[in-house]
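Note sheet for the following structure.
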Amino acid sequence: MKFRRAIAAAAFAVASSALLAGEIPPGARRSGYSFMGPETRAMQDDDTSNPGMLFVLDGQALWMKKSGSADKACADCHGDARSSMKGVAARYPAFDRTQGRPVTLDQRINLCRAGHQQATPLPYESHDLLALSAFVAHQSREVPITAGDDPQLKPFVEQGRDFFNQREGQLNLSCANCHEDNFDKRLAGAPITQGQLTGYPLYRLEWQTLGSLERRLRSCMTGVRAQAYDYGAPELVALELYLMSRARGLPMETPAVRP
Amino acid sequence: MPYRIVGDGIPESLTGSPGDAARGRALVLARSTTCILCHSGPFPETRFQGDLAPDLRDAGNRWSASQLRLRLVDASRFNPQTIMPSYYRNDDLVRVGRNFAGKPILAAAEIEDIVAFLATLRD
């Protein structure tokens, strides 16, 4: 299958920005997909067995649905998502001029809901927000990640990098301690991956549902017994931005499946 | 509770009395104690063990009770870059979760139980 090949061949020769010690060079970056067993891979590869595709379909219906006091659907302004949304998720979080800071794809969708549809924003982790986000991100499947290239984002990428390398919580571990220094090892039997953000929102078998990246990051924070940042917190957005820039060149997989 | 470091160990029990090795074994195996996330050991009943750290199989040969106690209290004394948490420390930590703030990971009596168990791991 074409998609599988795209992931297997994800060793990209990108113009590398300066890497800091310990950072994973572009050619060695691997999606969480490459750490999974054959059954989970097969589940992701086949759209008829990938449970995330049900959310994508729900998102497609929402895309067409008029909403809010403007009585407008996403499609009324953005037309066919296959062309208008292709590659968009691969460069999010993106700098938003009105906010003066990066916004995630979920936040961008809610800005459209509030500003353009005049509807109430969808709560984080709600079915409808996950579905819209999965639908939009799915249009970028196979598109290499480029988030973080915008020079205005530089200070936020740096901030996210600092969070990634900062030890935190009662267990006093940094994200890098596991996802940079110890990937390919096992934490109580579970393989540790590089923590690359290729497939969000994604279907996690452990969750039995689709979940956002923020849900994943918050659970890693809780895992080291740190205080997890709230959904949408600027620190979490900066971390997401850094992680996306760190996954530069890997193709998007939304909706991915993970154990 | 205060403790006194002598050389590369803490010679005296944190509680003033010896720990219980059987309770120590159960603690090491409990996921919430976290050892087994990183370590493996002679625990045939547990399938899910970690490989981020040395096997505990013969820890009692390699280390004295005094050294084991200091390792659990503050592993960074042996290796400043270690990923092994300091189980008896509650300062100098960043953004500790609300439910854990101000508390060490383990109580003094639990550390003594684990030290007693690790000391039995010899071949």
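Some values worked out for this structure:
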item	result
Residue among A:Q159, A:Q170 that alone is in contact (Cβ under 8 Å) with a residue 60 or more places away in the chain and either buried (at least 17 other Cβ atoms within 10 Å of the Cβ) or in a loop (DSSP other than H, G, I, E, B) (or both)	A:Q159
Which listed residue is assigned to a helix (DSSP H, G or I) and in contact with a Ser or Thr (Cβ under 6 Å, 6 or more places away or on another chain), from A:A131, A:A119, A:A137	A:A137
Any hit, the stretch A:148-158, residues being acidic (D, E) and within 14 Å of chain B (Cβ to nearest Cβ)	no
Any chance A:S67 is among the small types (G, A, S) and over 30 Å from A:A119 (Cβ atoms)	no
Filter result for A:R225 (over 14 Å from the mean Cα position of the chain (by Cα), basic (K, R) and within 14 Å of chain B (Cβ to nearest Cβ))	yes
Checklist (1) out of contact with any Gly (no Cβ under 8 Å at 6 or more places or on another chain); (2) at pLDDT 95 or above applied to B:R89, failing item	(2)
Sole residue being assigned to a strand (DSSP E or B) and more than 13 Å from chain B (Cβ to nearest Cβ), chosen from A:L197, A:L217, A:L210	A:L210
Cβ pairs under 8 Å, 6+ apart, first in the stretch B:86-100 and more than 8 Å from chain A (Cβ to nearest Cβ), second surrounded by fewer than 16 Cβ atoms within 10 Å (Cβ to Cβ)	B:N90/B:G102; B:N90/B:K103
Residue in the stretch A:228-236 that is without any contact (Cβ under 8 Å) to a residue 12 or more places away in the chain and farther than 19 Å from A:P93 by Cα present	yes
Test: A:F135 is in contact (Cβ under 8 Å) with a residue 24 or more places away in the chain, within 11 Å of chain B (Cβ to nearest Cβ) and within 19 Å of the chain's Cα centre (by Cα)	no
Of the criteria (1) part of a helix (DSSP H, G or I); (2) touching a Gly at 6+ places or on another chain (Cβ under 7 Å), which one A:D106 fails	(2)
Candidates A:M1, A:M36, A:M53, A:M64 - the one that is at pLDDT 60 or above, in contact with a helix residue (DSSP H, G or I) (Cβ under 7 Å, 6 or more places away or on another chain) and not acidic (D, E)	A:M64
Pick from the stretch B:16-40, criterion within 24 Å of A:G169 (Cβ to Cβ) and assigned to a loop (DSSP other than H, G, I, E, B), ranking: farthest from the other protein chains (Cβ to nearest Cβ)	B:A30
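The values are calculated or read from the model by the stated rules, or taken from the named source; none is laboratory data. Quick caveat: nothing in here was measured; it's all calculated off a predicted structure. FYI the Cβ positions are ideal-geometry reconstructions off the backbone, even for glycines, and counts take in every protein chain you see.
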